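Novice: Pasting a structure below so you can have a look.
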Amino acid sequence: MAKRKKVDEYRTFQQDWTDEFAFVERAGSAMCLICSDKIASMKRSNIKRHFDTRHAAFASKYPAGDSRKKACQELLSRVEASQQQLRVWTQQGDGNSASFAAALAIVKNGKPFTDGEFAKSFMLDVANELYANFSDKDKIIKQIKDMPLSARTVHDRTIMMSNQIEATQVKDLNAAQFFSLALDESTDVSNLSQFSVIARYVAGDTIREESLAVLPLKGTTRGEDLFKSFNEFAKEKNLPMDKLVSVCTDGAPCMVGKNRGFVALLREHEKRRILSFHCILHQEALCAQMCGEQLGEVMSLVVRVVNFIVARALNDRQFKALLEEVGNSYPGLLLHSNVRWLSRGKVLSRFAACLSEIRTFLERKNVEHPELADTEWLLKFYYLVDMTGHLNHLNVKMQGVGNTIFSLQQAVFAFENRLELFIADIETGRLLHFEKLAEFKDACIASDPDRHLHLQQLAGFTSNLLQSFKARFGEFRERTPLFKFITHPHECAVDITDLSYIPGVSVRDFELQAADLKASDLLERQKAELASQHNVAVLTMFGSTYACEQSFSHLKNIKTNVRSRLTDGSLNACMKLNLTSYQPDYKSISKTMQQSIVNSETPCSKFSQEM
């Protein structure tokens, strides 16, 4: 029998080393339970040296014997529990990704975080029936049961996806050549002011329109307050403010005040020229409201009659019954709201469609409004119906995300040309562009061929509306050469001083270079490069705050009466996921979470710190 070499006794891991030195065997190496270091050579001397030099405090606190054995066994239990959790996470990889997808769906539909548990219950009920005859039904059911969807989990997933989107936004914003902002402020259901910040920039070959934040304002909402809140946010997120080209606001004093408005403070802080635009949709709505005293009286009567019918429950029910009785296809009248851009036109259109039934109903109620049968009043009423229809059409055309400032300006200028056409249409009596008014005129002539209708006053109303349009949109008219330069660069002469709004462009340096290179082709190249920068800058400009209004609509759906205690961070995360054009990569987030568990501090090292 061959004599066994002494070294062979130490080539395999000895179980008693666990209780003596806090080591276990893992994948052919000895791993320390205290610090997780591995020793490839399984020699008792190496393991003892590591224990004596690295963990002397542990050896002193737990002397050899039962005390150390108990401490080492506790370390071993913690390591095994940690590894078991890691195995569960690895097996649930798809389940974690699925929980991200579920959380995203919950948030995008404006549902509370607590709906995650309901979603799981719903899926289990459906799966039990849908996969009843599947051989792997039990596996599917288990996957659904194991999918984490508690309220806390849905909340955490939402924050993670929002943070990822925000990081992408800031990265692309810093990589962009220029960007512009649309800003507006509104009040939520808890009477807290919310400041919406929307950015537009070019990322690659795509124009992005992204909600950067909805900033809560706890106190006053002066220009100083708005700027302070925005400036703190810009610094925190490291926004490249040196690339800001323009700002679009609703025209409120706190935004455009000459000295202490947000825009003035922003220009003062940046110490350079930044273009500012008053939302073209707000200006169009203001023009539509300036209809003069006579038309104002018409609208006032319509609102009073509508309120009499709709605002009283019994009247509303009886009027709806009357509409159903006579076969009118409309379900009722619409209430007017001054804050809604399209409300006036919709209210008038519905009122005109139900005018006969309104007269009948008022007679039954013994309410007298002789104007509803007066020819002159009806003439102005039907004119107002048609004109508000044209204004609503313009408003809808300018709504939507992604409209360039150039296209919005062209829409307004085109409507001004239409108003001139409408004036001629009324003056000639053709009324080709006033459908309801033409029908009323034909009905009047049919009943009394000798009746004369005073259409000239309607032409005057249209002329006043045209003048109202001409008096507004000043900043858009001033920039007409700049906007035309995009589509007709060779026909439009733009002075270099007009392009000084572009960040980094120095009029002084360009003029000096132009003088030096006057006879050189390099001058034309520099002009072409400047024109290219201008084109990109104009494409980023906002002409309206529609994107902000859209964000407030989402805010209303997310922060409701039953969710009024939603925190600022949670609200911002929900808003970002609802408004972004980016798709969150929740699979990569899930992998990062798993990797963080692998790389995180092990329970045994925490235990050693407690020693």
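The values are calculated or read from the model by the stated rules, or taken from the named source; none is laboratory data. The shown structure was predicted, so the numbers you read here are calculated from the model rather than taken from an experiment. So basically every Cβ, Gly included, is an ideal-geometry build from the backbone, and we count neighbours across all protein chains shown.
Novice: Among residues belonging to the stretch 264-279 that are free of Cβ contacts under 8 Å to residues at least 24 places away in the same chain and assigned to a helix (DSSP H, G or I), point out the one that is nearest to GLN169 (Cα to Cα). First the steps, then the outcome.
Specialist: Filtering the stretch 264-279 for residues free of Cβ contacts under 8 Å to residues at least 24 places away in the same chain gives 267-268, 271.
Subset that is assigned to a helix (DSSP H, G or I): 267-268.
Working: ARG267: 24, GLU268: 26 Å.
The qualifying residue nearest to GLN169 (Cα to Cα) is ARG267.
Novice: For the stretch 338-350: of the residues being modelled with pLDDT of 80 or more and polar (S, T, N, Q), which is farthest from LYS380 (Cα to Cα)?
Specialist: Once the filter is applied, the top-ranked residue is SER343.
Novice: Moving to a separate point now. For GLU293, indicate whether it is over 37 Å from the mean Cα position of the chain (by Cα) and at pLDDT below 95.
Specialist: Values: over 37 Å from the mean Cα position of the chain (by Cα): yes; at pLDDT below 95: yes.
It is true that GLU293 is over 37 Å from the mean Cα position of the chain (by Cα) and at pLDDT below 95.
Novice: So, in the stretch 41-58, how many residues would count as being surrounded by 12 or more Cβ atoms within 10 Å (Cβ to Cβ) and more than 9 Å from PHE21 (Cβ to Cβ)?
Specialist: Final tally of qualifying residues: 6.
Novice: Scan the stretch 122-147 residue by residue and report those that are in a loop (DSSP other than H, G, I, E, B) and of a type in the set (A, V, I, L, M, F, W, C).
Specialist: ALA132, PHE134, MET147
Novice: Could I ask something else about it? Quick one: how many residues across the stretch 284-321 are among the acidic types (Asp, Glu) and buried (at least 17 other Cβ atoms within 10 Å of the Cβ)?
Specialist: Number satisfying all stated conditions: 1.
Novice: Moving on to the next point. Of all residues in the stretch 9-39 being touching a strand residue (DSSP E or B) at 6+ places or on another chain (Cβ under 7 Å) and assigned to a helix (DSSP H, G or I), which is nearest to LYS69 (Cα to Cα)?
Specialist: The selected residue is THR18.
Novice: Quickly run through the stretch 439-471 and pick out the residues that are under 30 Å from GLN410 (Cβ atoms) and of a type in the set (Ser, Thr, Tyr).
Specialist: THR462, SER463, SER468
Novice: Do you know which residues across the stretch 106-148 are over 34 Å from the mean Cα position of the chain (by Cα) and of a type in the set (Phe, Trp, Tyr)?
Specialist: TYR131, PHE134
Novice: Considering each residue of the stretch 335-353, count those that are under 23 Å from CYS287 (Cβ atoms) and either assigned to a helix (DSSP H, G or I) or among the acidic types (Asp, Glu) (or both), and give that number.
Specialist: 10
Novice: Looking only at the stretch 554-611, count how many residues are of a type in the set (Ser, Thr, Tyr), part of a helix (DSSP H, G or I) and at pLDDT below 90.
Specialist: 7
Novice: Consider LYS436 carefully, then state whether it is modelled with pLDDT under 80, in contact with a helix residue (DSSP H, G or I) (Cβ under 9 Å, 6 or more places away or on another chain) and of a type in the set (Lys, Arg).
Specialist: Here the answer is no, as LYS436 does not meet what is asked.
Novice: Next question, about the same structure. Only residues that are over 15 Å from LEU379 (Cβ atoms), within 44 Å of the chain's Cα centre (by Cα) and loosely packed, with under 14 Cβ neighbours inside 10 Å: list them for the stretch 417-450, please.
Specialist: Of everything in the stretch 417-450, those that are over 15 Å from LEU379 (Cβ atoms), within 44 Å of the chain's Cα centre (by Cα) and loosely packed, with under 14 Cβ neighbours inside 10 Å turn out to be ASN417, GLU420, LEU421, ALA424, LEU432.
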